[in-house]
Amino acid sequence: QVQLVESGGALVQAGGSLSLSCAASGRTFSDYAMGWFRQAPGKEREFVAGISKFGGLRSYADSVKGRFTISRNNAKNSVYLQMNSLKPEDTAVYYCAASVNSVGRTTTAYNHWGQGTQVTVSS
């Protein structure tokens, strides 16, 4: 079992940048592929980015490609999401998730979830 805690959410102006972190504890971190998802009010949770167990494969939603970067540091048991050129439509609660399988783009691919961190982008 792995426990996940996100941090870094904030209120930011459109065009700005923000970096999210997710700290993991419990099982060996490199046993898991990691993902970031987001959920806006009244909408379903959607895939944002994913990274394989040792970082060799990264996947992004089309809506964030070129603006967001996912990375991980297995020595620090952490995964990160660097978000640049933020838009109001990026406003959501951002969730970190862990999968014992390969990188997936659906919520069902992930076994463990954090509690989320709020990102609000003002226009």
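The values are calculated or read from the model by the stated rules, or taken from the named source; none is laboratory data. Only a predicted model underlies this, so the values are computations on that prediction, with no experimental measurement involved. Cβ: placed from backbone, ideal geometry, glycine included. Neighbour counts: every protein chain shown. SASA here: full protein model, heavy atoms, side chains in, ligands and nucleic acids out. Shrake-Rupley method; radii C 1.70, N 1.55, O 1.52, S 1.80 Å.
For the reader, a short list of remarks on this structure follows.
- Residues within the stretch 97-106 that are surrounded by 14 or more Cβ atoms within 10 Å (Cβ to Cβ) and among the hydroxyl-bearing types (Ser, Thr, Tyr), tallied: 1
- Of the residues 87, 76, the single one that is closer than 15 Å to residue 7 by Cβ, among the basic types (Lys, Arg) and out of contact with any helix residue (DSSP H, G or I) (no Cβ under 8 Å at 6 or more places or on another chain) is 76.
- Test: residue in the stretch 69-77 that is in a strand (DSSP E or B), without any contact (Cβ under 8 Å) to a residue 12 or more places away in the chain and among the polar types (S, T, N, Q): yes
- Residue, least open to solvent (accessible area, probe 1.4 Å), within the stretch 1-27, restricted to residues that are of a type in the set (Gly, Ala, Ser) and over 18 Å from residue 116 (Cβ atoms): 16
- Test result for residue 71, modelled with pLDDT under 95 and either closer than 15 Å to residue 27 by Cβ or open to solvent by 30 Å² or more (accessible area, probe 1.4 Å) (or both): no
- Being open to solvent by 60 Å² or more (accessible area, probe 1.4 Å), under 23 Å from residue 1 (Cα atoms) and either among the aromatic types (Phe, Trp, Tyr) or in contact with a Pro (Cβ under 8 Å, 6 or more places away or on another chain) (or both) is a property that residue 36 lacks.
- Residue match in the stretch 59-66 (condition: open to solvent by less than 60 Å² (accessible area, probe 1.4 Å) and of a type in the set (Asp, Glu)): no
- Restricting the stretch 79-96 to residues that are more than 19 Å from residue 41 (Cα to Cα) and not polar (S, T, N, Q), the residue that is most open to solvent (accessible area, probe 1.4 Å): 80
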